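Below: the structure, in structure tokens.
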Amino acid sequence: MNLEGRNFLTLKDFTPEEITYMLDLAADLKDKKKKGILVDDYKGKNIALIFEKTSTRTRCAFEVAAKDLGMGSTYLDPSGSQIGKKESIADTARVLGRMYEGIEYRGFGQEIVEELAKYAGVPVWNGLTNEYHPTQMLADLLTIREQFGTLKGIKLVYMGDARYNMGNSLMIACAKMGMHFVACTSAKYFPNAELVKTCEGYAAETGATISLCEDVKEGTKDADVIYTDVWVSMGEPAEVWEERIKELTPYKVTADVMANAKKDAIFLHCLPAFHDLKTKIGKEMGEKYNLTDMEVTDEVFESAQSHVFDEAENRMHTIKAVIVATLKR
Ligand code: CP
Ligand code: NVA
């Protein structure tokens, strides 16, 4: 398997075997890190981290991974670069491509990261766009594989806004890996028909299934993994909160939902999560709409079934694997 020089923009571009290769590589790097075995033979290489939206996990994962590998990294924050304001994506890509061996981009439309990749001449990694969040997918798949020993045949139910980066990406990941994906939400929030069709094409090859279901009891029945995400994503206007709360509250992950899933089902969330009122926005929304939580109850979030922090840790091991796999040597 050789992924050297490849971009990492969406899992649509990778075969199940290539995804498995990156997961195996991540598991190996994780094992080595736990044992204190250094993999730091990337001295002299540098990566650029462009963030047009904020981040905790993705940024830290890239920075720690780069440091562990012996590489340098430069973080460009949402206000700290000329991108899109004074300098086009194509020009930025050609400048950074002369100085860095790889470029991470987090921002808005997928077409931006695609344009970066077209002009950079070095691997470009998608650290989240409106449409996709592929590095998150590797962390999620690794976490699921660690828990169940396999991916094939696992039923993953996504509740919430399935039209955005997380719903789209999980549907692709499940279809690629022979899993059963259910978008359990109101029909308005189902992923777009074209992407569903593309994923059904992958599913036909891998034995995966794709279902869209409005009924919570039916959708979550016998699930192995219950997954949710924030109801309003970065870059969306604050005005949509009220509507989302109204329309997605029936799809909140509660103890009842978990009880309807398999006995050993796990709960996952890409984070950050509104499971209590201990954040600025959580408090504001809680007071305004008389809530104690949003997409997941604190009870589920803090339960033994919740593996959200294993998942968060795996962001680093999987991102390290993406860097190692794709960097030109
Ligand atoms: N899950 C995730 O991408 O987290 P950050 O927004 O903190 O990077
Ligand atoms: N859907 C969320 C994911 C955050 C990791 C967002 O785009 O804000």
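The values are calculated or read from the model by the stated rules, or taken from the named source; none is laboratory data. These numbers were taken from a predicted model, which means no experiment stands behind them. Note that we place each Cβ from the backbone using ideal geometry, even for glycine, and neighbour counts take in every protein chain shown. Note: accessible area is taken over every heavy atom of the protein model, side chains too, but ligands, DNA and RNA are not part of it. Shrake-Rupley method; radii C 1.70, N 1.55, O 1.52, S 1.80 Å.
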Flagged links, alpha-carbon separation over 31 Å, of Lys43/Lys155; Lys221/Lys288; Lys34/Lys152; Lys67/Lys155; Lys45/Lys278; Lys86/Lys280: Lys43/Lys155; Lys221/Lys288; Lys67/Lys155; Lys45/Lys278; Lys86/Lys280
Euclidean distance between Cα centres, region 1-73 to region 269-329, Å: 20
Chain lengthening between Glu4 and Thr249 when straightened (0.36 nm per residue, less Cα-Cα): 83.8 nm
Two-site label geometry, Asp298 and Lys278: point separation in nm, points 7 Å out along Cα→Cβ: 0.8
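Could you tell me whether region 78-131 comes out rounded, prolate or oblate from its Cα gyration tensor? Rule is a ≥ b ≥ c as square roots of the eigenvalues, rounded for a/c under 1.5, then prolate if a/b exceeds b/c, otherwise oblate.
Numbers: a/c = 1.57, a/b = 1.13, b/c = 1.38.
Oblate is the answer for region 78-131, as a/c is 1.5 or above yet b/c matches or exceeds a/b.
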Cα gyration tensor category, rounded, prolate or oblate, for region 199-270 with a/c compared to 1.5: oblate
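Can you tell me how region 1-88 classifies by the Cα gyration tensor, rounded, prolate or oblate, using a/c under 1.5 as the rounded cut? Intermediate results must be reported in sequence, preceding the final value.
On the way: a/c = 2.10, a/b = 1.39, b/c = 1.51.
Verdict is oblate for region 1-88.
Give me the net charge for the shell around Ala259: Cβ to Cβ below 15 angstrom, other residues only, Lys and Arg +1, Asp and Glu -1. Intermediate results must be reported in sequence, preceding the final value.
Numbers: positive: Lys217, Lys221, Lys252, Lys262, Lys263; negative: Glu218, Asp222, Asp224, Asp256, Asp264, Glu299.
With Lys, Arg at +1 and Asp, Glu at -1, the neighbours total -1.
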Fraction of accessible area attributable to carbon and sulfur, the chain (%, probe 1.4 Å): 51
Nearest 10 degrees, 0 to 90: helix 134-148 Cα axis against the chain principal axis: 60
Rounded Å value of the spacing that divides the Cα centres of region 207-253 and region 128-159: 16
Cα-Cα P(r), the chain, percent of pairs per 20 Å interval: 33, 59, 9
Within region 24-54, trypsin sites (Lys or Arg not before Pro) in DSSP loop having at most 12 other beta-carbon neighbours inside 10 Å: Lys43
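With a 1.4 Å probe and every protein chain left in place, work out the accessible area per residue of the chain in Å², rounded to a whole number. Working shown, then result.
Working: 13960 Å² over 329 residues.
With all protein chains present, the chain gives 42 Å² per residue.
Which GluC sites (Glu not before Pro) in region 1-108 pass both tests, a DSSP loop state and at most 12 other beta-carbon atoms within 10 Å? Could you put the intermediate results ahead of the total?
On the way: sites: Glu4, Glu17, Glu18, Glu52, Glu63, Glu87, Glu101, Glu104; in loops: Glu4, Glu52, Glu101.
Here the sparse-neighbourhood loop sites are Glu4.
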